[in-house]
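Novice: Once you've had a glance at the structure underneath, I'll fire off some questions.
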């Protein structure tokens, strides 16, 4: 039996970190993720955990400290948002290139400027190709569960990549919801003990970390990272299966909602999925065969599996909470249509950018998208594939 609680997403993330009890947490405050290390620091001060908490002077230093700790053989975690993640940018790449399984809670927020502290996905999209595994979370339960699974995935010997768990700033990070926590002893057993094979403090195997890697070797090392990311798909699935046995909560690469006979569908991520499900239910009551797919695993990207799930639709919309500013749709849209093209699944697909800077996305906005998809399904024609919803005219 789990433990029933009422927590915000940030509290849930901090409790997951408490139960994991990492060796090192290094963090610097930034809205809306500040509460995570703040809550966790109380667990350190009252002796609930024996983690070494490193209060640094910047986010660049926070990730640097995590890199150093993980390279030395310690299990390290951190949390950040938006500009904080941007300030880590150099070390984000170094963490993945050095194959260090650091786990980070990323509370998604718009990246400045102009200054905005509210939710969109521009921070995560800015580092989507940096070599980090990326799991997205619809609500506080999923943010908590993803963090509990994170170390098992990242530390697997066939993976050894850092992992970030994303949740929507304020929308889930500060909203209190019902949640079911796992007992401490079960979490400890599930996560296990970190036993790195190669690390700096192993006096029996002197090694160098981050040496010069010229053209003779770097290409091969980057290919090894790419192979590790491909390996992560299998590991993510296996860990989710073990997690389901422990909790009864089932996770996959993505969630399909009423897609069995759907003719029109939306692909989205994070908290938007909850609103979309409500609209799907309403449309179904009126005889419209609408469905939704919520992407949980964004990196590695489940291109083949998504193409199979979406291939029978008559019209599809992909929703991005960040604009790639490329004139050709958002990042999620690009990945979805690329996967479908490769799989020879030809479905008329529209890109929708929405919710920038925390702009509310209502059920009416989602219904507007489905209404347009109904027209596309009838005619097969898309007058403009690159669209915005909720934008003031």
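Coordinate-derived values only; no laboratory data. Small disclaimer: the values here were computed from a predicted structure and weren't measured. Cβ atoms come from the backbone with ideal geometry, glycine included; neighbour counts cover every protein chain shown.
Novice: Just how far, in whole angstrom, is the range 46-110 from the range 290-307 if you go by their alpha carbon centroids?
Specialist: First find each Cα centre; the distance between them is then 27 Å.
Novice: Can you work out the FRET efficiency for the pair residue 45 and residue 234, with r the C-beta to C-beta distance and R0 = 51 Å, to the nearest 0.05? If you can, show how the numbers build up before the last one.
Specialist: On the way: r = 40 Å, r/R0 = 0.78.
It comes to 0.80.
Novice: Applying a 10 Å radius around every beta-carbon, put 24-32, 274-282 in order of their mean neighbour count, most first. Don't skip to the answer; put the middle values down first.
Specialist: Details: 24-32: 23.0, 274-282: 18.3.
Top to bottom by mean Cβ count within 10 Å: 24-32, 274-282.
Novice: Tell me, what is the percent relative contact order of the chain, built from C-alpha pairs under 8 Å that lie six or more residues apart?
Specialist: On the way: 810 pairs, mean separation 61.2, N = 393.
For the chain, the relative contact order is 16 percent.
Novice: Right, next: On full extension of the chain, what length is gained from residue 115 through residue 176, given 0.36 nm per residue of separation minus the C-alpha to C-alpha distance?
Specialist: Details: separation 61, 0.36 × 61 = 21.96 nm, distance 2.59 nm.
Length gained between residue 115 and residue 176: 19.4 nm.
Novice: If you average the sequence gap of Cα pairs under 8 Å that are 6 or more apart and divide by the length of the range 302-393, what percent do you get for the contact order?
Specialist: On the way: 133 pairs, mean separation 31.6, N = 92.
That works out to 34 percent.
Novice: Under the classification rounded if a/c is under 1.5, otherwise prolate if a/b is larger than b/c and oblate if not, where does the range 1-97 fall, given a ≥ b ≥ c as square roots of the Cα gyration tensor eigenvalues?
Specialist: On the way: a/c = 1.92, a/b = 1.44, b/c = 1.33.
Verdict is prolate for the range 1-97.
Novice: Assuming a ≥ b ≥ c are the square roots of the Cα gyration tensor eigenvalues, decide whether the chain counts as rounded (a/c under 1.5), prolate (otherwise, with a/b larger than b/c) or oblate. Numbers along the way, then the final one.
Specialist: Values: a/c = 1.75, a/b = 1.53, b/c = 1.14.
Cα axes put the chain in the prolate bin.
Novice: Could you work out the mean projected area of the convex hull around the alpha carbons of the range 64-129, in square nanometres to one decimal? Before the final figure, lay out each step's value.
Specialist: Details: hull surface 16.8 nm².
Approximately 4.2 nm², given one-decimal rounding.
Novice: By how many degrees, 0 to 90 and rounded to 10, does the Cα axis of helix 59-72 deviate from the longest principal axis of the chain?
Specialist: Value to nearest ten degrees: 60.
Novice: Still on this structure, please answer the following. When you have a sec, figure out the Kirkwood radius of the range 188-251 from all distinct Cα pair distances and drop it here in Å to one decimal? Let's see the in-between values first.
Specialist: On the way: mean 1/r = 0.0656 Å⁻¹.
In the range 188-251 this quantity evaluates to 15.2 Å.
Novice: Report, in degrees rounded to the nearest 10, the 0 to 90 angle that the Cα long axis of helix 9-20 makes with the longest principal axis of the chain.
Specialist: Orientation of helix 9-20: about 40 degrees from the principal axis.
Novice: Once fully extended, how much extra length lies between residue 368 and residue 214, figured as 0.36 nm per residue of separation less the alpha-carbon to alpha-carbon distance?
Specialist: Values: separation 154, 0.36 × 154 = 55.44 nm, distance 5.23 nm.
50.2 nm is the gain from fully extending residue 368 to residue 214.
Novice: Roughly what angle does helix 35-45 make with the longest principal axis of the chain, taking Cα atoms, 0 to 90 degrees, to the nearest 10?
Specialist: On a 0 to 90 degree scale, this one is about 30.
Novice: With the Cα gyration tensor of the range 242-363 giving a ≥ b ≥ c as the square roots of its eigenvalues, does the rule (a/c under 1.5 for rounded; else a/b larger than b/c for prolate; else oblate) give rounded, prolate or oblate? Please report the intermediate quantities before stating the final value.
Specialist: Working: a/c = 1.17, a/b = 1.12, b/c = 1.05.
Cα axes put the range 242-363 in the rounded bin.
Novice: Measuring from label point to label point, each 7 Å out along Cα→Cβ, what is the residue 223 to residue 344 span in nm?
Specialist: 2.8
Novice: Quote the FRET efficiency, to the nearest 0.05, computed for residue 205 versus residue 379 with a Förster distance R0 of 51 Å and r equal to the Cβ-Cβ distance. Present the calculation step by step, with values, prior to reporting the outcome.
Specialist: Details: r = 65 Å, r/R0 = 1.28.
The formula returns an efficiency of 0.20 here.
Novice: Something else about it: Determine which residues of the range 220-258 fall in the zone a paramagnetic label at residue 304 would reach in this model, i.e. backbone nitrogen under 14 Å from the point 7 Å along Cα→Cβ.
Specialist: Under 14 Å, as judged by backbone N against the label point of residue 304, lie 230-235 of the range 220-258.
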